[in-house]
Amino acid sequence: MSPLLDFYRARLERFHARDAGPGVLLMLAALALSLFLLLPLGTLLIRSVLDDNGQFSLLRFHAFATAPGMAEAVWNTLWIAVAVTCLVVPAAFLYAYALQRSCIPLKGLWRVLGLSPLLGPSLVGAISFIQWFGTQGVLKSWLGGMSVYGAPGIILGTVFASFPHALMILIVALGTTDARLFEAADALRASRWRRFYTVTLPAAKYGIVSAAMVVFAYSVSEFGIPKVIGGNFKVLAVEIYVQAVGQHNLGRGAVVALLLLLPVVMAFLVDRHMQQKQKATLTARAVPYTPRKDWRRDLPLLVGTFTAASAMTAVLGMAIYTSFITFWPYNLAPTLSHYTYGLQEAGVLDAYLNSLRIAALTALAGTPFVFGTAYLLEKTGNPQSALHSLIQALASVPMGVPGLVLGIGYILFFNHPANPVNGLYQTLTILVAVNVVHYYTSCHLTASTALKSLDREFEAVAASLKVSRLVTFWRVTLPVCMPAVLEIFRYLFINAMTTVSAVVFLYSPETLPAAVSILNLDEAGELGPAASMATLIVATTAAYSLLHAVLSHVFLRKHQAWRELKR
């Protein structure tokens, strides 16, 4: 029996050695997420309930509640978010409906224009609306004596910035439906509106709720727009900045950050609850729906789509136009002086190059980390283990954490003198890390969705053929999931290039990002150079998106021909 036992013992040792690598890598991923997500948020929570002497106290919350203007900031934040949600969701729904359920021409163009606000920082809209409706604005009279500074400007800017986020969700929600439902409605002679209320809306209701929650959370946590165009209108996001940067009161900033976190977390929980209740609307017997031409439906939708797309183009166009004129509105002669001043004399060229480095490093470091972690969770070990559950929980947290809250947590944690990783503070490394963590959830869901589509039999067959897991990953898993990998890379690059809230507390003069430099230039009254920097960011992200589309097409056509049906 001894030789037989020795044989099985040796096989067991080799089996454990084979699985030790993934376990170690998962442990390292859990440590990284804990270091850059869990510990900063925990520090934020602890700091908010400690007084200056390090003793447990709720005096900071009491001081916040009794401070003049704070209750006003809470109320303003909530009603602005509700107003923006009520405006954006119906508009985005009609826009998505036109793209998916009508026969309007140039759908590809309308889709690109609808998503165009994603190419620049949210500050672009604020700068543009100042030029359109500000004190010297072209369309100032349209407001009928009302000032754009304050609530009107914040609402306009946030509607522009959040519209594409709702549009992406609703395009997906309206993209899949069963044509048999509409055939049944036609057979029953249901009216157009009855079909809409009994077939279209019920199928899209979960997408509508998700879009509403995303827009609400975005509006609550948005910082750049109220900072630029809000004037003296108080909102929580700006109060965090004032407390942390203006008054160096990190304890009060931690309290405001927690209060800002509450409505975002509530919106996130509502969205998760609705997703759990969602059921499949397409079955294996479903028939794809193809809209039929109907001018009574298509003409109004085309007019509405054209109007919305024109408005978004006008917002981006005004920001670009501002960067090329001498002095608004008195001297409209074309000039490149804003680029000369902004890039050379104001030192913004360094900020632009910093953003390129940050965006490239975020995509290069974040894409392998996110996809690798998702692969280890989906394809190795026991999915019910404590380590798997911990990482899955950590992966879902960033979606409910605003960038400003994450930034305050990073200050309190990484800037503490006793922290052994204190040296990371105000370096490119921490700026890359906060961007990866901030946008981790969406990327993780993208990777997990792609990996779940692969049957585990691939790994089983590879193991039976004694092919290493690394070879299987490189030759099978990665090529099949390459579209998701490329999408994660693009998502991280563009968001790292345009974000403000996640990095506004963490940079040094040597690591100043371009999007934050726009904020600084606007505070200095240099609207032209601020517009020129915004234009550079939009041009960069647009050029990268075009390059990404071309390279993706070439790569997928060359390496994924198996996806095409052979006739």
**OP:** Mind telling me which of the residues Ala211, Ala204, Ala184, Ala173 ends up being at pLDDT 85 or above, more than 30 Å from Glu523 (Cβ to Cβ) and either hydrophobic (A, V, I, L, M, F, W, C) or in the same structural domain as Asp522 (by TED's automatic domain parsing) (or both)?
**Re:** Ala211
Subject >> Residue match in region 36-51 (condition: touching a helix residue (DSSP H, G or I) at 6+ places or on another chain (Cβ under 7 Å), more than 30 Å from Leu387 (Cβ to Cβ) and in the same structural domain as Leu387 (by TED's automatic domain parsing)) >> reply: yes
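Filter region 370-395 down to the residues that are without any contact (Cβ under 8 Å) to a residue 60 or more places away in the chain, small (Gly, Ala, Ser) and outside any loop (DSSP other than H, G, I, E, B), then identify the one that is nearest to Ser34 (Cα to Cα). Outline the logic, then answer.
Taking region 370-395 and keeping what is without any contact (Cβ under 8 Å) to a residue 60 or more places away in the chain, we get 382-386, 389, 392-393.
Still in the list and also small (Gly, Ala, Ser): 385-386, 389, 393.
From the residues that got through so far, the ones that are outside any loop (DSSP other than H, G, I, E, B) too are 386, 389, 393.
Details: Ala386: 15, Ser389: 14, Ala393: 11 Å.
Within region 370-395, the match that is nearest to Ser34 (Cα to Cα) is Ala393.
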**OP:** Name every residue in region 109-140 that is part of a helix (DSSP H, G or I), closer than 15 Å to Ser310 by Cβ and among the aliphatic types (A, V, I, L, M), in order of residue number.
**Re:** Leu109, Val112, Leu113
Original post:
If we scan region 285-299, do we find a residue that is at pLDDT 75 or above and within 29 Å of the chain's Cα centre (by Cα)?
Top reply: no
**OP:** Sort out which residues of region 96-108 are assigned to a loop (DSSP other than H, G, I, E, B) and either without any contact (Cβ under 8 Å) to a residue 40 or more places away in the chain or under 22 Å from the mean Cα position of the chain (by Cα) (or both), and write them in order of number.
**Re:** Leu106
Subject >> Residues within region 63-95 that are part of a helix (DSSP H, G or I) and either outside the structural domain of Val235 (by TED's automatic domain parsing) or touching a residue at least 12 places away in the same chain (Cβ under 8 Å) (or both), tallied >> reply: 23
**OP:** Please work out if Gly145 is at pLDDT 90 or above and of a type outside the set (Val, Ile, Thr).
**Re:** no
Original post:
Does any residue of region 396-407 turn out to be in contact with a Cys (Cβ under 8 Å, 6 or more places away or on another chain) and in a helix (DSSP H, G or I)?
Top reply: no
**OP:** Working only within region 365-386, note down all residues that are at pLDDT 85 or above and not aromatic (Phe, Trp, Tyr).
**Re:** Ala365, Gly366, Thr367, Pro368, Val370, Gly372, Thr373, Ala374, Leu376, Leu377
Subject >> Qualifying residue in region 109-116 (condition: closer than 24 Å to Pro398 by Cα and in contact (Cβ under 8 Å) with a residue 12 or more places away in the chain) >> reply: yes
**OP:** State whether one or more residues within region 414-423 are in a helix (DSSP H, G or I), of a type outside the set (Ser, Thr, Tyr) and surrounded by fewer than 20 Cβ atoms within 10 Å (Cβ to Cβ).
**Re:** yes
Original post:
From the list Ala531, Ala539, Ala543, which residue is in the same structural domain as Val436 (by TED's automatic domain parsing), assigned to a helix (DSSP H, G or I), of a type in the set (Gly, Ala, Ser) and crowded, with 19+ Cβ neighbours inside 10 Å?
Top reply: Ala531
**OP:** Answer yes or no as to whether Leu349 is in a strand (DSSP E or B), surrounded by fewer than 19 Cβ atoms within 10 Å (Cβ to Cβ) and either assigned by TED's automatic domain parsing to the domain that holds Glu526 or in contact (Cβ under 8 Å) with a residue 60 or more places away in the chain (or both).
**Re:** no
Original post:
List, please: which pairs have Cβ atoms under 9 Å, are six or more places apart or on different chains, and start with a residue in region 143-157 that is assigned by TED's automatic domain parsing to the domain that holds Val89 and end with one that is part of a loop (DSSP other than H, G, I, E, B) and hydrophobic (A, V, I, L, M, F, W, C)?
Top reply: Tyr149/Phe233; Gly150/Phe233; Ala151/Phe233; Pro152/Met146; Gly153/Phe233; Ile154/Phe233; Ile154/Val235; Leu156/Val148
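The values are calculated or read from the model by the stated rules, or taken from the named source; none is laboratory data. Keep in mind that this is a model prediction, so the values were computed, not measured. Cβ: placed from backbone, ideal geometry, glycine included. Neighbour counts: every protein chain shown.
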